[in-house]
1. How big is segment 77-227 by the Kirkwood estimate over distinct Cα pairs, in Å?
2. Using modelled amide H (1.01 Å from N, peptide plane; none on Pro or chain starts), what sits under 5 Å from the amide H of A79, excluding residues fewer than 5 places away?
3. Of all the accessible heavy-atom surface of segment 83-227, with the other protein chains kept in place and a 1.4 Å probe, what percent is carbon and sulfur?
4. So if I average 1/r over every pair of distinct C-alpha atoms in segment 55-102 and take the inverse, what Kirkwood radius in Å does that give?
5. Can you compute the label reach from A112? Point 7 Å from Cα along the Cβ direction, backbone N cut-off under 15 Å, restricted to segment 81-100.
6. Tell me, how many Å apart are the Cα centres for segment 180-209 and for segment 85-154?
7. Averaged per residue, what accessible surface does segment 77-227 expose to a 1.4 Å probe, in Å²?
8. Can you work out the FRET efficiency for the pair D54 and Q156, with r the C-beta to C-beta distance and R0 = 45 Å, to the nearest 0.05?
Amino acid sequence: MIPLRLRGRLVMASLLVLAVAQGPSALGREAAERRPAPVMGYQGADWLERSERDDEEAPDVALNVLKIPKGASVADIGAGSGFITERLSARVGPAGRVFANDVQPQMLQMLARRLAIRKITNVTLVQGAVDDPKLEPASVDLEIMVDVYHELSQPQSMLRHLREALKAGGRLVLLEYRKEDPTVPIKFEHKMSVAEAKMELEAEGFTLAKVDEALPRQHILIFTVKP
C-alpha cells in the first residue's frame with residue numbers, strides 16, 4: 001500500500017503535470033480572475049529575515065537547481081532586504097554582477113547597509129518602477145523573483161521590460177508558493193499555480209521550460225524567451 005503522505009505527493013504531481021499540459025484550460029477560470037496580492041511594505045522586512053525561512057523555503061536548494069555560473073549577470077527583482085541578493089552575490093563571484101531591484105527606496109537602503117556590513121562589492125542597487133525594472137536591454141543572464149510576481153500590479157508591462165533585459169538564452173525564474181496545495185500555510189492570494197504563471201508569462205513571449213518541485217512549499221518555474 002502507498003503511504004498516505006506519498007499518495008498526496010503523487011496526486012499533487014499529477015495535477016501539476018496536467019496543468020502544464022493543458023495550459024490556460026487547467027484552472028483557467030481561476031487564473032483568468034487572479035488579482036495581484038497586496039505588496040509587502042518595508043515595514044514588514046523582518047518577515048523576510050525570519051529565522052525559519054531557510055527551513056521553509058530552502059533558498060540554497062533553489063539556487064542549486066538553477067546552476068548559476070561564476071561571472072553571470074543576475075537581476076534580483078523585488079530584492080527587498082537582500083536575503084536572496086547576498087546568496088546570488090556569492091554564486092556569481094567577483095567577476096559577476098547582481099542587480100538588486102526594488103520599488104521601495106527604504107528596502108534598498110536596508111540592502112545597502114547589508115552590503116556594507118558584509119563588504120559585498122558586486123551588487124548594483126536599482127530603483128525600479130511598478131511597471132519597469134529599469135534594467136538595460138540585453139544586460140542579464142538570469143532574472144529571479146522570489147515570492148514577488150504575484151504582487152505585481154502591472155505584470156504585462158513588467159514582463160515586456162524583463163524580456164528586453166535578458167541576454168540571448170537568458171532565463172526568468174519565479175519562486176511562488178503552490179496554490180495547488182491547500183496545506184501550504186500562506187494566504188491564498190500570495191500563492192500561484194503553475195497554470196496561472198504559464199498563461200500570463202507565455203502571453204508576453206516566454207516559454208515555460210521547466211517546473212521543479214525540489215522546494216518544500218514553492219514552485220520553481222523556469223521560463224525562457226520564445227524564439
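The values are calculated or read from the model by the stated rules, or taken from the named source; none is laboratory data. Quick caveat: nothing in here was measured; it's all calculated off a predicted structure. As a convention, Cβ positions derive from the backbone with ideal geometry for all residues, glycine included, and neighbour counts pool all protein chains shown. With ligands, DNA and RNA removed, areas are computed over all heavy atoms of the protein, side chains included. Shrake-Rupley method; radii C 1.70, N 1.55, O 1.52, S 1.80 Å.
1. 15.9 Å
2. N101, D102
3. Values: 3290 of 6050 Å².
C and S atoms contribute 54 percent here.
4. Evaluated over segment 55-102, this radius sits at 10.9 Å.
5. Backbone N within reach: 81-82, 100.
6. Taking the Cα centre of segment 85-154 as reference, the centre of segment 180-209 is 22 Å away.
7. 40 Å²
8. Details: r = 33 Å, r/R0 = 0.74.
E(calc), rounded to 0.05, equals 0.85.
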